[in-house]
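These notes concern the structure reproduced below.
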Amino acid sequence: MSDLNQAIIEALENLKGKDIVTLDVHELTDVMDTLIIASGTSSRHTRSLAENLVEETKKAGFRALGVEGLEAGDWVLVDYGDTVVHVMQQETRDYYELEKLWSMKPANRV
């Protein structure tokens, strides 16, 4: 596990992120290598997880390239380039099923 990904996991665990999953997606896309998904218990918790994530990884020397969805708090995406983090409320996570989506290989891939 890379230093960045370790810092991400620790930041999420420190604020009690739920069901943290790390997916290696480098064979499925050229956009990123790793997808990390975690759940928050409320919009406030989801926002706090994402804000803490950005702050703690910055202290560790890693800058987020972008953060989307912080205002609403039901789904926050934090982009680190090779690693993308989705912090979601459980209902949103259940609806979009990102783990299932990113575990399937497209039929046209060799």
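The values are calculated or read from the model by the stated rules, or taken from the named source; none is laboratory data. Treat the numbers as computed from the prediction; the structure is a model and nothing was measured. Here Cβ is always computed from backbone atoms with ideal geometry, including for glycine, and neighbour counts include all displayed protein chains. Keep in mind that these areas ignore ligands, DNA and RNA; they rest on the heavy atoms of the full protein, side chains included. Shrake-Rupley method; radii C 1.70, N 1.55, O 1.52, S 1.80 Å.
Before moving on, here are some points about what is shown:
- Here the Karplus curve 6.51 cos²θ - 1.76 cosθ + 1.60, taken at θ = phi - 60°, turns the phi angles of segment 83-90 into couplings of 10, 10, 10, 10, 10, 10, 6, 4 Hz, with x standing for Gly and Pro.
- Ranked by the mean number of other Cβ atoms within 10 Å per residue, highest first, peptides 84-92, 38-46 order as 84-92, 38-46.
- Within the accessible area of the chain (1.4 Å probe), percent carbon and sulfur: 48
- Per residue solvent-accessible surface (Å²) - the chain, probe of 1.4 Å: 60
- Residue-by-residue Karplus 3J(HN,Hα) for segment 57-73, coefficients 6.51, -1.76, 1.60, Hz, glycine and proline x: 6, 5, 4, 7, x, 10, 9, 6, 7, x, 9, 10, x, 5, 5, 6, x
- With respect to the chain, whose longest principal axis is taken over its alpha-carbon atoms, helix 3-14 is tilted by about 50°.
- Rounded to the nearest 500, the 222 nm mean residue ellipticity of the chain from helices alone is -11500 deg cm²/dmol, with -39,500 (n - 2.57) taken per DSSP H run of at least 4 residues.
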